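Have a look at the structure below before the remarks.
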Amino acid sequence: MLRRGDTGPRVVGLREELARAGAPAGADPEEDVFDDALERVVRAFQQERGLRADGVVGPQTSRALDGARWRLGDRVLRFVPGHLLHGDDVTALQDRLLQLGLLDDRRDGRYGPRTEAGVRELQRSSGTAVDGVLGPETLAALRRLDRSVGGGDASGLRDLERTAQARRRASGRVVLLDPAHGGTDRGSVGHGLEEAEVVLDLAQRLEGRLAASGTTAVLSRGADQRPSAEERAELAESVAADVVLSLHCDALVPAGLDAGHALPPAAASGLATFSWGSATARSTEGARLAGLVHRELLARTGLADCRTHTWNTDLLRLTRMPAVRVEVGYLTSPDDAALVRDPAFRDRCAEALAVALHRFFLEEEDDVPTGLLPVVGAGA
Ligand SMILES: [Zn+2]
């Protein structure tokens, strides 16, 4: 909670968020005192969004501020059951659907089933592929419709369309990010680190990077949940994930103890990556993704190379889409633990994983003529 009289960096952060939401608060963005003027801006922001205009920044206002950073076209929008996308871009879309008579409901800023139905109707009536996903083609169709019905800001929408085009190749994909273990199952432990916490943090860092490039990331669990492998696989299926990325850290477990891990490789430190395979079959796409994930992580982390392998294990076996399990270091290794503890190291891991996923999707589309592929930046 933030209110008048508060001071500190969080107040500066609030000013930044308000500015991003188009409600600049005061002449000095570095001012770290929550003063009367700032309170007036917060009240106006709350009023505009139908929130209680009390000038106090609580959970609801924080959520509205978070949603305010998205403009229509910044990212691909789709209905993800259980993880509704929300933000100003969804509200803008709903406004247009209402204008066009394609939405009969109040706008709520959440991409739920009714919004998806409206987008499908828009796609049917404009002759674009009907998938309920607001991507570049559908945005372009919306722009054409806006012109014909009048009142739309055509030049603004053209900019948005360009932005969307630039992000097109890696966009529209869904990745299930699976932080392993969770809840009471802490996974591997060592040197004060717990695998369940480390991999959730890693997944959250990666989620942000993927969202910025238009890839929808769905996390398989929160901090307190411990879904079964079957439940994780079902979630991947229900959100129509294109790939599954399961994040683990390993530990050297004394013989005879089973901590739910593979037998440790010869060296009890380093990075190992797995895709599905049995004695008689293997997933070729899984192996391709595993190769990319392993290569990018090795290049950026300095972890020892425990190579890629096939493994007929739970989540890899239960999922039908390409799935990869990565063991990012041994928490029982002092060297690995020191790396894993460092937030900058985790950022490098997230960057490596985002790049690997982009490459995986781009290679799938290698029939695209050379020159049309946009550069997918490492931080995108
Ligand atoms: Zn694990």
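What do you reckon, how do Leu219, Leu331 stack up by accessible area (1.4 Å probe), largest on top?
Leu219, Leu331
Quick check: net charge around Leu38, other residues with Cβ under 9 Å of its Cβ, Lys/Arg +1 and Asp/Glu -1?
Cβ neighbours under 9 Å give a net charge of -1.
How much accessible area does Glu30 have with a 1.4 Å probe, in Å² rounded to the nearest 10?
About 120 Å², ignoring ligands and nucleic acids.
Which of the trypsin sites (Lys or Arg not before Pro) found in region 295-342 are in a DSSP loop and have at most 16 neighbouring Cβ atoms, other than their own, within 10 Å?
Loop-located and lightly packed - Arg320.
Take the Cβ-Cβ distance between His191 and Thr313 as r, set R0 to 25 Å, and report the resulting FRET efficiency rounded to the nearest 0.05.
My answer for the efficiency is 0.45.
Mind jotting down the three principal axis lengths of region 11-142 based on Cα atoms? Whole angstrom, largest first.
52, 27, 25
How big is the gap, in Å, between the Cα center of region 64-116 and the Cα center of region 1-42?
27 Å
Please give me the summed charge of the neighbours of Arg4: other residues whose Cβ is under 12 Å from its Cβ, Lys and Arg +1, Asp and Glu -1.
Spelling it out: positives minus negatives among the neighbours equals -2.
Let me have the relative contact order for region 174-364, percent, based on Cα pairs under 8 Å that are six or more residues apart.
Once normalised by length, the contact order is 28 percent.
Could you go through region 326-334 in sequence order and give the Karplus-derived ³J(HN,Hα) for each residue, using 6.51 cos²θ - 1.76 cosθ + 1.60 with θ = phi - 60°, rounded to whole Hz, and x for Gly and Pro?
10, 10, 8, x, 9, 5, 7, 8, x
Going by Cα centres, region 194-211 and region 285-312 are how many Å apart?
So the separation of the two Cα centres works out to 18 Å.
The values are calculated or read from the model by the stated rules, or taken from the named source; none is laboratory data. Please read all numbers here as calculations on a predicted model, not as lab measurements. So basically every Cβ, Gly included, is an ideal-geometry build from the backbone, and we count neighbours across all protein chains shown. Heavy atoms of the whole protein, side chains included, go into the accessibility calculation; ligands, DNA and RNA do not. Shrake-Rupley method; radii C 1.70, N 1.55, O 1.52, S 1.80 Å.
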